[in-house]
């Protein structure tokens, strides 16, 4: 019970949304989410350093999933994210995993920030990142195994130029995706919380990483993703 109370406390801050852990998690239609439909090895994290640093983005979701019984107590998701990668390179992270024996059913990702950083947030870099994202979404759809995509976008930091321009591009691509794509915008969560960014002002701090984990888990519960 103490463990479940801890998990409830972690999930309670998910943007004001109520989430219920464990058996009987309410799905979008009011029914219970079916268990055992997705294995931990079929959930893939791709992206850049906003997934690898601090790493709680991934481990926080994993621990919530373990506590809720969505995955086994020793199960873990697959993480192939690498810092300093463009959107096209992030798409290849997925392509490499999908080409193997275990197919991807749930994709959790970020991306596009390195594209804009390299070009100082130019319009061309925003357009290029958006086009690479659209091509990636089309490839995922054509492969036919992924059931849900969760994409999260960085907050607006001076060290990541172009985020404001990137937001509508990535959100529109996500909305238009044939595979259900859930867009998580970190900007509203970061407003008034400088402690969510680390000392370099380019990465999430431990506190910020925990926020990302809680928000992703809330999306997964509310939409019956890998429950």
- Message: Just the residues that are farther than 9 Å from residue 57 by Cα and free of Cβ contacts under 8 Å to residues at least 24 places away in the same chain, please, taken from region 202-222.
- Response: 207
- Contact list, first residue from region 167-180 and farther than 12 Å from residue 133 by Cα, second anywhere and modelled with pLDDT of 95 or more and surrounded by fewer than 18 Cβ atoms within 10 Å (Cβ to Cβ), beta-carbon distance below 6 Å, six or more apart or interchain, is 178/141; 179/141
- Residue satisfying condition, being within 24 Å of residue 171 (Cβ to Cβ), at pLDDT below 95 and either over 17 Å from the mean Cα position of the chain (by Cα) or buried (at least 18 other Cβ atoms within 10 Å of the Cβ) (or both), within set 111, 120, 16: 16
- Query: Which residue out of 149, 160, 225 is touching a residue at least 60 places away in the same chain (Cβ under 8 Å) and either surrounded by 21 or more Cβ atoms within 10 Å (Cβ to Cβ) or assigned to a loop (DSSP other than H, G, I, E, B) (or both)?
  - Reply: 225
- Message: touching a residue at least 12 places away in the same chain (Cβ under 8 Å) and surrounded by fewer than 16 Cβ atoms within 10 Å (Cβ to Cβ): which single residue out of 52, 96, 56, 86 fits that description?
- Response: 96
- Query: For the subset of region 107-127 comprising residues that are assigned to a helix (DSSP H, G or I) and touching a helix residue (DSSP H, G or I) at 6+ places or on another chain (Cβ under 6 Å), which member is nearest to residue 78 (Cα to Cα)?
  - Reply: 115
- Message: Take residue 184 and tell me if it is within 22 Å of residue 210 (Cβ to Cβ) and in a helix (DSSP H, G or I).
- Response: no
- Note on the structure: Of the residues in region 187-206, those that are in contact with a strand residue (DSSP E or B) (Cβ under 9 Å, 6 or more places away or on another chain) and in a helix (DSSP H, G or I) come to 187, 190, 196
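The values are calculated or read from the model by the stated rules, or taken from the named source; none is laboratory data. All values reported here derive from a predicted model rather than from experimental measurement. Backbone-built Cβ (ideal geometry, glycine too); neighbour counts: all protein chains shown.
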